[in-house]
Amino acid sequence: MAARCTLDFEDSLRAAGFLTVAGVDEAGRGPLAGPVVVAAVILPDGFSHPKLNDSKKLTEKARDRIFEELSAHSDILACVVEVEAPEIDLLNILRATHEGMRRAVAGLLKVPDHVLIDGLPVHPFPTPQTALVGGDGLSLSIAAASVFAKVTRDRRMQALDLEYPEYAFARHKGYGTALHLERLRTYGPCPIHRRSFAPVSQAAQFLQGNRPPFA
């Protein structure tokens, strides 16, 4: 039977003296365009939600509904950070994601005593941490962070679709789908593309190589 998303990790940490525990997760490490979005969330003691889970396991409609419910909850503290494509290109995607995690935790209205991070440990980090592979399906705090990050990023990509309609960002959210790659080869990269990612740099070279020489 699959593990259930609970507050077990948070409760264990509180019992050990870490009274304020935050969950941290990201969305958008893999896409070729747009920001990587990181959220840090502190849930109140005893929090429960019948549907909250890893955002990847939820439908878009369910994610949006849960996002609105969490956002309206006065006892939930959340900070969402967007690290844009130029910084991703400067740092690389892993370091940019880790930097976003540090900023998200620093941006919380209350300093956490301990942080639960989805995935592998992050070093350096400003607070004690526990890394949980698959944590967004185990910890409600991380699951909440995954919903905040995913919904925020999807909405950002839908807004960017209006600025760059030729790339159809609302349909693929910047991931390397066949449609996105075809538009990249046709139009070349736009300002929100991650130029350090091979498919983007290759598309730019392809387009440059197929342009007629200057007269």
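The values are calculated or read from the model by the stated rules, or taken from the named source; none is laboratory data. Since the structure is predicted, the reported quantities are computational estimates derived from the model, not experimental observations. Reconstructed Cβ throughout: ideal geometry from the backbone, glycine too, with neighbour counts over all protein chains shown.
Among the listed residues Arg95, Arg65, Arg103, identify the single one that is modelled with pLDDT of 95 or more, among the charged types (D, E, K, R), assigned to a helix (DSSP H, G or I) and more than 15 Å from the chain's Cα centre (by Cα).
On the way: Arg95 fails: more than 15 Å from the chain's Cα centre (by Cα); Arg103 fails: more than 15 Å from the chain's Cα centre (by Cα).
Residue meeting the stated conditions: Arg65.
Do the conditions hold for Ser12, that is, is it among the small types (Gly, Ala, Ser) and assigned to a loop (DSSP other than H, G, I, E, B)? Walk me through how you get there before you give the answer.
Working: among the small types (Gly, Ala, Ser): yes; assigned to a loop (DSSP other than H, G, I, E, B): no.
Answer is no for this residue.
Can you tell me which residue is surrounded by the most Cβ atoms within 10 Å (Cβ to Cβ) among those in the range 68-92 that are part of a loop (DSSP other than H, G, I, E, B) and among the acidic types (Asp, Glu)?
Step one: of the range 68-92, the residues part of a loop (DSSP other than H, G, I, E, B) are 72-76, 84, 92.
Within this subset, residues satisfying the condition of being among the acidic types (Asp, Glu) are 75, 84.
Details: Asp75: 10, Glu84: 14.
In this case the residue turns out to be Glu84.
Among the residues of the range 123-136, is there at least one that is among the aromatic types (Phe, Trp, Tyr), at pLDDT 95 or above and under 20 Å from Glu68 (Cα atoms)?
Step one: filter the range 123-136 for residues among the aromatic types (Phe, Trp, Tyr), giving 125.
Within this subset, residues satisfying the condition of being at pLDDT 95 or above are 125.
So of that shortlist, the ones also under 20 Å from Glu68 (Cα atoms) come out as none.
No, because not a single residue in the range 123-136 is among the aromatic types (Phe, Trp, Tyr), at pLDDT 95 or above and under 20 Å from Glu68 (Cα atoms).
Given Ile66, Ile42, which one is of a type in the set (Val, Ile, Thr) and touching a strand residue (DSSP E or B) at 6+ places or on another chain (Cβ under 7 Å)?
Numbers: Ile66 fails: touching a strand residue (DSSP E or B) at 6+ places or on another chain (Cβ under 7 Å).
Residue meeting the stated conditions: Ile42.
Hey, can you tell me all the residues within the range 157-179 that are buried (at least 21 other Cβ atoms within 10 Å of the Cβ) and assigned to a helix (DSSP H, G or I)?
Hits for the range 157-179 are Met157, Leu160, Tyr167, Phe169.
Out of everything in the range 180-208 that is small (Gly, Ala, Ser) and part of a loop (DSSP other than H, G, I, E, B), what residue ends up being farthest from Ile93 (Cα to Cα)?
Let us first name the residues in the range 180-208 that are small (Gly, Ala, Ser), namely 188, 196, 198, 201, 203-204.
With part of a loop (DSSP other than H, G, I, E, B) added as a condition, the list becomes 188, 196.
Values: Gly188: 21, Ser196: 9 Å.
Of everything passing the filter in the range 180-208, Gly188 is farthest from Ile93 (Cα to Cα).
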